[in-house]
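Q: Okay, handing you the structure first.
The values are calculated or read from the model by the stated rules, or taken from the named source; none is laboratory data. Predicted model, so just to flag it, every value in this text is computed and none were measured. Note: ideal-geometry Cβ built from the backbone for every residue, glycine included; neighbour counts use all protein chains shown.
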Amino acid sequence: MDVNELLSILHLAEKLKDVPRHCYTSGGRRESVAEHSWRISLMAYFVSDEFPEADMSKVVRMCLIHDLGEAFTGDIPVFKKTEADEEREEELLFSWAGSLPEPYGTEMTALYNEMKERKTLEARIYKAMDSLEAVIQHNESDIATWEPHEYDLNRDYAWDRVAFSPYLTELRKAIRRETDEKIARAALDRAETE
């Protein structure tokens with residue numbers, strides 16, 4: 001790849017370091033899209049032994065690139081994102097991916113299509129990681145940053161995305177236990193201060 005093209009791609013990707021997500025970190029600041037993408041990639045690496053039949057290198061690539069469209073649109077939380085928002089992000093992302101030098105343009109476009117369809121094992125694993133990481137991050141953030149509807153969302157989100165895997169279902173159960181414990185501790189703390 002030409003070095004100037006590489007720099008252009010890296011400059012676009014850098015924007016994700018500054019695009020805040022809805023959730024906060026355990027240290028109390030807004031999480032960036034880049035941090036989310038990094039951690040789901042790390043999650044995919046660490047669960048690779050649970051999916052010996054999957055191309056986990058492809059899953060990691062999916063995790064790394066999945067939110068690049070947010071460099072154009074910003075992050076819109078799942079509970080606020082409309083179909084029009086999704087279509088706009090997809091249009092901008094596919095246009096950008098199509099402009100990349102080969103073989104990257106073709107490969108990224110194919111990956112985005114596979115991720116969108118979620119028919120392959122790799123795409124289902126990626127989407128599960130994407131969803132689970134968001135719930136984990138909420139559990140790690142101060143509960144004072146949660147909106148009222150997020151109590152139920154954190155309990156119920158992503159069960160459908162892990163149902164294909166007994167391992168990921170167990171992981172989701174463990175995350176749910178953390179959510180329930182966090183909510184119970186917060187209720188106890190409120191009761192003690194009243």
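Q: Do the conditions hold for Met62, that is, is it closer than 22 Å to Leu168 by Cα, touching a residue at least 24 places away in the same chain (Cβ under 8 Å) and crowded, with 17+ Cβ neighbours inside 10 Å?
A: Criteria met by Met62.
Q: What number of residues within the stretch 78-95 are among the β-branched types (Val, Ile, Thr) and free of Cβ contacts under 8 Å to residues at least 40 places away in the same chain? Outline the logic, then answer.
A: Going through the stretch 78-95, the residues among the β-branched types (Val, Ile, Thr) turn out to be 78, 82.
Going one step further and asking which of them are free of Cβ contacts under 8 Å to residues at least 40 places away in the same chain, we end up with 82.
Result for the stretch 78-95: 1.
Okay, residues lined up against (1) closer than 30 Å to Arg29 by Cα; (2) of a type outside the set (A, V, I, L, M, F, W, C):
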site: Ile65; (1), (2): yes, no
site: Phe72; (1), (2): yes, no
site: Asp75; (1), (2): yes, yes
site: Ala84; (1), (2): yes, no
site: Pro103; (1), (2): no, yes
site: Glu107; (1), (2): no, yes
site: Glu117; (1), (2): no, yes
site: Ala128; (1), (2): yes, no
site: Val135; (1), (2): yes, no
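Q: Among (1) modelled with pLDDT of 90 or more; (2) closer than 24 Å to Glu140 by Cβ; (3) of a type outside the set (Asp, Glu), there is one condition Val78 misses while meeting the rest; what is its number?
A: Val78 satisfies every listed condition except (1).
Q: For the stretch 98-117, what are the residues that are surrounded by 14 or more Cβ atoms within 10 Å (Cβ to Cβ) and either of a type in the set (D, E, K, R) or not in a helix (DSSP H, G or I) (or both)?
A: Leu100, Glu107, Glu114
Q: Continuing with the same structure: Report whether or not Cys23 is over 23 Å from Ile143 (Cα atoms) and surrounded by 18 or more Cβ atoms within 10 Å (Cβ to Cβ). Please lay out each step first, then the result.
A: Details: over 23 Å from Ile143 (Cα atoms): no; surrounded by 18 or more Cβ atoms within 10 Å (Cβ to Cβ): yes.
No, not satisfied.
Q: Which residue pairs have Cβ atoms under 7 Å apart, sit 6 or more places apart or on different chains, and have a first residue in the stretch 181-193 that is surrounded by 11 or more Cβ atoms within 10 Å (Cβ to Cβ) and a second that is part of a helix (DSSP H, G or I) and not small (Gly, Ala, Ser)?
A: The qualifying pairs are Lys182/Asn139; Lys182/Ile143; Ile183/Tyr151; Ala186/Ile143.
Q: Any idea which residue in the stretch 129-156 is surrounded by the fewest Cβ atoms within 10 Å (Cβ to Cβ), counting only those that are touching a residue at least 40 places away in the same chain (Cβ under 8 Å) and assigned to a loop (DSSP other than H, G, I, E, B)?
A: If we take residues in the stretch 129-156 being touching a residue at least 40 places away in the same chain (Cβ under 8 Å) and assigned to a loop (DSSP other than H, G, I, E, B), then His149 is surrounded by the fewest Cβ atoms within 10 Å (Cβ to Cβ).
Q: Next question, about the same structure. Out of the helices (runs of 4 or more DSSP H) lying entirely within the stretch 1-91, which hold 3 or more residues that are over 17 Å from the mean Cα position of the chain (by Cα)?
A: On the way: elements: 3-18, 33-46, 56-65, 70-73.
Hits in the stretch 1-91: 3-18.
Q: Assess whether Ser48 counts as being more than 17 Å from Leu111 (Cβ to Cβ), without any contact (Cβ under 8 Å) to a residue 24 or more places away in the chain and among the small types (Gly, Ala, Ser).
A: Yes, satisfied.
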